[in-house]
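The values are calculated or read from the model by the stated rules, or taken from the named source; none is laboratory data. From a predicted model like this one, the values you see are computed outputs, not experimental measurements. Glycine also receives a Cβ, built like all others from the backbone with ideal geometry; neighbour counts cover every protein chain displayed. Keep in mind that these areas ignore ligands, DNA and RNA; they rest on the heavy atoms of the full protein, side chains included. Shrake-Rupley method; radii C 1.70, N 1.55, O 1.52, S 1.80 Å.
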Amino acid sequence: MTDTPRQATRLDAIEGRFDPWLLGASIALACMGVVMVASSSIAIGEGLNVGPFYFLTRHLVFLAGGVGLALWMMRTELKTIESHNQLLLLACFVLLLAVFVPGIGRTVNGARRWLNLGVSNFQAVEAVKLLYIVWLASYLVRFRDEVNATWKAMLKPLGVAVALVGLLILQPDFGSLSLILAITAGMLVLGGVNMPRMFGPVLVGLPVLAAIAIAEPYRVRRFTSFMNPWADPFDSGYQLTNALMAVGRGEVFGVGLGASVQKLSYLPEAHTDFILAVIAEELGLVGVSLVVGLYALLAGRAFWIGLKCVEMRRHFAGYCAFGIALWMSLQSFVSIGVNLGLLPTKGLTLPLISSGGSSVLMTSMALGLLLRVSYELDRAERQVARLRGEALQPSPGNMPATAQPAAVAATASVRGTSRLRQRIEPTLGKLG
């Protein structure tokens, strides 16, 4: 009996480690973003008479704020975050409704997506992406069995996603609403939803999404110009034709850092939506491959960490990792596809690389949460290894061999979440 408190103390004293691959990929992307924002925004700043380094300075300020948010998330226990799941969902709707409040919401380029914070504008949907992922992860933990077995439990998160989509349609923000729907579907599949039952909402949702896409003439023009941008290179195809010229001019090794011609007021949004085209022109195929490789490493490592968490029955941590991995991979895929002419033009930035305020802040915060997941996973693995080692190697100072069943039970409690009762394990997308 006297050994139990000392053993508990030893377990509590065990600390985890942040995943070095995640940390390295995040830092590399952030550093590349600083360099490319500096390179791509000089001409834009001079053209707007705000100074050549205005956008670089602004980007560095927001990146510093993002690092602060990331450090905060890295030091916050996941159980604390999970306990506020309902407030996070409420915050999603409050943020998306606040953009329509006079004096708070602000319209830019015909879209009412921003909140006026005085010193800067903040795009509400960027925070909603992270808050929604955390809420959905918590929901999948609380209703893991029901999501697999009943229609009601599966349709509830889809209903929440549809409500968020309705608010995004009013802004309008077709790119973000598509991303939220894709994240929802991906997390439900990874969370163990019954796949045949999932086909029904998908078959209904796709035609509705297509109808929304073609409801506005400008979206139709984007799609037709994407199919053949050279048919109207000075109007509807202007952005894409200039992006393709930048990509083609870069060839394998690029024209050199800072030597892009297209960024000199030819390529619109060269420091935000089309920053990859500038990377392609200045650093060539090598630079683009590096960017794609870093995103692949980031997303792949996040999926792997999520899978390890689920295997250890740390489901909330695993689902958070899955959601952030889906967010980073899908948004970077769309942004890269737009720059290379593979997808219609969408207003989605390249995470951590594109110049921006709210995007940089919330992406950094999301990666801080992901690093926290990796920390708690490593800590749990070390605790389990300690318990197993002491159970298999009894000594006079440790527990006797007859106490091994208790050690196994303690191991299970370390591996589990707040719910220790037997549950149906998620299928991770398998048919069944």
Solvent-accessible area of ARG144 with every protein chain in place, 1.4 Å probe, in Å² to the nearest 10: 10
Among the chymotrypsin sites (Phe, Trp or Tyr not before Pro) in segment 47-144, which ones are in a DSSP loop with at most 16 other Cβ atoms within 10 Å of the Cβ? Mind listing them? PHE53, PHE100
Of LYS152/LYS308; LYS129/LYS156; LYS152/LYS346; LYS129/LYS308, pairs whose Cα-Cα distance is over 27 Å: LYS152/LYS308; LYS152/LYS346
What is segment 267-383 by shape, rounded, prolate or oblate, if you read a ≥ b ≥ c off the alpha carbon gyration tensor as root eigenvalues and call it rounded for a/c under 1.5, prolate for a/b larger than b/c, and oblate otherwise? prolate
Which angle between 0 and 90 degrees, to the nearest 10, do you get for helix 3-13 versus the longest principal axis of the chain when only C-alpha atoms count? 10
Could you order LEU117, LEU369, LEU307 by accessible surface area, starting with the largest, using a probe radius of 1.4 Å? LEU117, LEU307, LEU369
Arrange the residues VAL278, VAL162 by how much accessible surface each exposes, largest first, with a 1.4 angstrom probe. VAL162, VAL278
Quotient of Cα Rg and 2.2 N^0.38 Å for segment 324-397, N being how many residues it contains: 1.84
What is the helix-to-structure angle for 151-170, meaning the angle in degrees between its Cα long axis and the longest Cα principal axis of the chain, kept from 0 to 90 and rounded to the nearest 10? 30
Excluding residues fewer than 8 positions from LYS263 in its own chain, the lysines with Cα under 18 Å of it are none
For the chain, what is the mean residue ellipticity at 222 nm derived from helices alone (per DSSP H run of n ≥ 4: -39500 (n - 2.57); sum divided by total residues; nearest 500 deg cm²/dmol)? -23000 deg cm²/dmol
First check a/c for segment 50-137, with a ≥ b ≥ c the square roots of the eigenvalues of its C-alpha gyration tensor; if it is under 1.5, answer rounded, and if not, answer prolate when a/b is larger than b/c or oblate otherwise. oblate
Given a Förster radius of 56 Å and the C-beta distance between THR224 and ARG382 as r, what FRET efficiency does 1/(1 + (r/R0)^6) yield to the nearest 0.05? 0.50
Under the classification rounded if a/c is under 1.5, otherwise prolate if a/b is larger than b/c and oblate if not, where does segment 106-172 fall, given a ≥ b ≥ c as square roots of the Cα gyration tensor eigenvalues? oblate
Output the 0 to 90 degree angle, nearest 10, between the alpha-carbon long axis of helix 20-47 and the longest principal axis computed from the alpha carbons of the chain. 20
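How large, in percent, is the carbon and sulfur part of the accessible surface of the chain at a probe radius of 1.4 Å? Walk me through the numbers on the way to the answer.
Values: 13200 of 19670 Å².
Roughly 67 percent, rounded to a whole number.
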Before I look further, what does the chain give for accessible area per residue, probe 1.4 Å, in whole square angstrom? 46
Order by accessible surface, 1.4 Å probe, largest leading, for residues VAL384, VAL204 comes to VAL204, VAL384
Could you work out the equivalent-ellipsoid semi-axes for the chain, taking the square root of 5 times each eigenvalue of the Cα gyration tensor, largest first, in whole Å? 43, 26, 20
Suppose every K and R has +1 on its Cβ and every D and E has -1 on its Cβ; what is the size of the dipole of the chain about the Cα centre, in Debye to the nearest 20? 1200
